[in-house]
Amino acid sequence: MKTFKIQNIIRGNVKAMKAYSSARDEYVSDGSKMVFLDANENPFENGVNRYPDPLQRNLKAVLAEQKKVSEDQILLGNGSDEVLDLLFRAFCEPRQDNVITLPPTYGMYTVLSNLNEVEERKVQLNQDFQPDVEAVLNAVDSNSKMIFICSPNNPTGNLMASKKIRQLLDGFDGLVVIDEAYIDFSNEKSWISELSKYPNLVVTQTLSKAYGLAGIRLGLCYASKEIITILNKIKPPYNVNELTQKRALERVSNLDAVTSEVNSILEQREVLIEALGEVSFINEIFPTEANFVLARVDNATERYNQLIANGVVIRNRTTQPLCENTLRFTVGTPEENKKLIDTLKSIP
Ligand SMILES: *Cc1c(COP(=O)(O)O)cnc(C)c1O
């Protein structure tokens, strides 16, 4: 690390503004019997007639213990997509700043760059789908605020080499955002354990994949207390609704169930990989640390359409760099995977 200082990268307007102070921020119940006439709510109890906790303290208490961080190192959002958007809005000055992305990768980084009018500098991964550290650092200038690293990467499935990530953390004065949406399917430990070492590290995770809760929208962000304070200041006050907080708390309090589903998905992944190897028009199957498999076929668009016609929906990744004629298969239930394999083997 050269001269990373959070005060150097925060947007001026964000630094200057005052956060919205909600009724539930001003007075926090200590559990004693109080009468709440402060927020213009309907007083008749139905389980969700009150505003939710803007800081999701119950949920964060459990997460803090599990991830071995303090609660003020956690930000929760309406999916990782909101978390990523908050990062743009906190740190990137529109029409001035830029971010670095490493395609082929997750499409939301581009969408958010465009939405926030922040230049996206694309530095393609190398042939092994690893970051080209020298090229990334060459693309950086004084307006570069964030580098997005997706590990395990979507759509390629591989982990990014930790040595390369360290080189970027050490060599870049902005934030290195590691998107760990698929980390629970991999053998590697999370970068969360490195937060105390790197003040410019931000780790995002989600309950949408391994935790099986895509429908409730809960994204997680782990970073220094200073970074989290800034994100808290600009987030919509009630961005994580009460139903989501409750459902997420139930799920993270029952990790055995999550682990057992993940293990079953990992077993099925191996079954799927083996079966894909027997499909005549599949030429290459890429190693994966996620709950999907990327494979190269003879003609991705034709195969994609054939599968659709047979009622199987997968993802055609052929237009992504380095991904010509590739298809991405999510690992499903044993029945779903069998349907996929049977179809692949039966199409002419
Ligand atoms: C699926 C996915 C997410 C999850 O986004 P949510 O908004 O939390 O559902 C984040 N990053 C990557 C790379 C993904 O593939």
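The values are calculated or read from the model by the stated rules, or taken from the named source; none is laboratory data. A quick note: this is a predicted structure, and the numbers were derived from the prediction, not measured. Cβ sites come from the backbone with ideal geometry, for glycine too, and all protein chains shown count toward neighbours. We work out accessible area using only protein heavy atoms, side chains counted, and drop any ligands, DNA or RNA first. Shrake-Rupley method; radii C 1.70, N 1.55, O 1.52, S 1.80 Å.
Values computed for the structure shown
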| item | result |
| --- | --- |
| Hits among aspartates and glutamates - C-alpha to C-alpha of Lys225 under 20 Å, sequence gap 8 or more where chains match | Asp25, Asp53, Glu65, Glu71, Asp72, Glu82, Asp85, Asp170, Asp173, Asp179, Glu180, Glu194 |
| Fraction of the pair-distance distribution of region 122-178 above 14 Å, Cα-Cα pairs, percent | 50 percent |
| Only Lys, Arg (+1) and Asp, Glu (-1) charged, at Cβ; the chain dipole about Cα centre in debye | 600 debye |
| Dmax and Rg, reported as Rg then Dmax, of region 206-318 (C-alpha, Å) | 19.2, 55 |
| Relative contact order of region 126-274, pairs being alpha-carbon contacts under 8 Å that are 6 or more residues apart, as % | 16 percent |
| Counting DSSP beta bridges with both ends in the chain, the antiparallel % (nearest 5) | 55 percent |
| Between region 8-24 and region 190-214, the Cα center-to-center distance that results, in Å | 24 Å |
| Taking the C-alpha atoms of region 256-346, convex hull volume expressed per residue in Å³ | 92 Å³ |
| Ratio Rg/Rh [Cα only; Rh per Kirkwood] for the chain | 1.00 |
| J(HN,Hα) series, region 229-238, from Karplus relation 6.51 cos²θ - 1.76 cosθ + 1.60, nearest Hz, glycine and proline x | 4, 5, 5, 4, 5, 9, 6, x, x, 10 |
| Over region 149-237: Kirkwood hydrodynamic radius from C-alpha pairwise inverse distances, Å | 13.9 Å |
| Note, ³J(HN,Hα) from phi for region 305-311, Karplus 6.51, -1.76, 1.60, rounded to Hz, x at Gly and Pro | 5, 4, 5, 4, 4, 9, x |
| Carbon + sulfur, % of accessible area of region 6-253 - ligands and nucleic acids excluded, 1.4 Å | 49 percent |
| Net charge dipole size for region 28-81 [Lys, Arg +1 and Asp, Glu -1 on Cβ; Debye, nearest 20] | 180 debye |
| Rel. contact order, % - alpha carbon contacts under 8 angstrom, at least six apart, region 99-168 | 39 percent |
| Simple Cβ-charge dipole of region 256-346, Lys/Arg +1 and Asp/Glu -1, about Cα centre, in debye nearest 20 | 360 debye |
| Cα shape, region 240-301, gyration tensor, a/c 1.5 rule | prolate |
| Translational diffusion of region 33-140, µm² s⁻¹ [Kirkwood Rh, Cα pairs; Stokes-Einstein; 4 °C; 1.567 mPa s] | 74 µm²/s |
| Local electrostatic count, Glu180, Cβ distance below 13 Å [Lys/Arg +1, Asp/Glu -1] | -2 |
| Length-normalised contact order for region 256-346 - Cα pairs under 8 Å, 6+ apart - percent | 28 percent |
| Amide H within-cut-off set for Ile147, under 5 Å, with H built and near neighbours excluded | Ile100, Leu175, Val176, Val177 |
| Cross-link table Lys197/Lys233; Lys15/Lys189; Lys60/Lys209, entries beyond 26 Å C-alpha to C-alpha | Lys15/Lys189 |
| Surface accessible to a 1.4 Å probe, Met34 within the full protein complex, Å² | 80 Å² |
